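Undergrad: There's a structure below that I have some questions on.
The values are calculated or read from the model by the stated rules, or taken from the named source; none is laboratory data. Predicted, not measured: the structure shown is a model, and the values here were computed from it. Cβ: placed from backbone, ideal geometry, glycine included. Neighbour counts: every protein chain shown.
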Amino acid sequence: MSNLHKEANPAPLGLLGFGMTTILLNLHNSGLLPLSAVIVAMGFALGGLAQIIAGVMEFKNNNTFGATAFTAYGCFWWSLILIWWNPFTGIEAADKTSLAWYLLLWGVFTLFMFVGTLKQTRANQVVFGSLTLLFFLLAAGDFTHIHAITTVAGVVGIFCGASALYAAFAQVLNEVYGKTVMPL
């Protein structure tokens, strides 16, 4: 008796959650949108929850890279929202320097994840390479208080989010059509 049950690929969901929220946040970083409930809600629901769900599914599929990436970046979104919201009584709000350290640590993590993509698709390399650059630029903008660096980071972030959306769409369409419709 054969196993007819096939596990779904959770990566497109995680990439969709990452890509859409990254574009929205970086429309803000580039100065095109104010930070609003739209970005926060998208970050909580699609950036956070959807990526965490995708990460848990990747654990089940025995994909350590996907599980680590999606779960970590989903938690990134939730932690960023908590930083903005600061619901912690008696705890000082984040300043630019503490936020810069936060972003720098995420950049270091992302750099090592990027190294993992060197054995994966070119699409993953583009997503993680541009995300590494994004985190380091955002950290530099906060460390130096030079808004132009954050604006440039916003442009890099829009590209990064768009590349994640491309990878999500490609994986879905390639599976649906059973052939390469969008190369990865």
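Undergrad: What pairs come out if I take residues in region 43-69 that are within 25 Å of L27 (Cα to Cα) and pair them with residues that are of a type in the set (D, E) whose C-beta lies under 9 Å away, six or more apart or interchain?
TA: That search, which allows pairs on different chains as well, returns A69/E58.
Undergrad: Still on this structure, please answer the following. For residues that are touching a Ser or Thr at 6+ places or on another chain (Cβ under 8 Å) and surrounded by fewer than 19 Cβ atoms within 10 Å (Cβ to Cβ), tally how many sit in region 91-112.
TA: 1
Undergrad: Something else: Any residue at all in region 1-21 that's over 18 Å from the mean Cα position of the chain (by Cα), assigned to a helix (DSSP H, G or I) and farther than 18 Å from V127 by Cα?
TA: no
Undergrad: Additional query: Could you count how many residues in region 57-82 are surrounded by fewer than 14 Cβ atoms within 10 Å (Cβ to Cβ) and of a type in the set (V, I, T)?
TA: Final tally of qualifying residues: 1.
Undergrad: Would you say L134 is out of contact with any Leu (no Cβ under 8 Å at 6 or more places or on another chain) and closer than 15 Å to L24 by Cβ?
TA: Yes, satisfied.
Yes/no per residue for (1) assigned to a loop (DSSP other than H, G, I, E, B); (2) in contact (Cβ under 8 Å) with a residue 60 or more places away in the chain; (3) among the acidic types (D, E); (4) under 20 Å from F159 (Cα atoms):
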{"site": "L82", "(1), (2), (3), (4)": "no, no, no, no"}
{"site": "A94", "(1), (2), (3), (4)": "yes, no, no, no"}
{"site": "L105", "(1), (2), (3), (4)": "no, no, no, no"}
{"site": "L111", "(1), (2), (3), (4)": "no, no, no, yes"}
{"site": "G116", "(1), (2), (3), (4)": "no, no, no, no"}
{"site": "K119", "(1), (2), (3), (4)": "yes, no, no, no"}
{"site": "Q125", "(1), (2), (3), (4)": "no, no, no, yes"}
{"site": "F128", "(1), (2), (3), (4)": "no, no, no, yes"}
{"site": "F136", "(1), (2), (3), (4)": "no, no, no, yes"}
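Undergrad: Select, from I53, I39, the only residue that is modelled with pLDDT of 95 or more, of a type outside the set (G, A, S) and farther than 25 Å from T117 by Cβ.
TA: Being modelled with pLDDT of 95 or more, of a type outside the set (G, A, S) and farther than 25 Å from T117 by Cβ holds for just one of I53, I39, which is I39.
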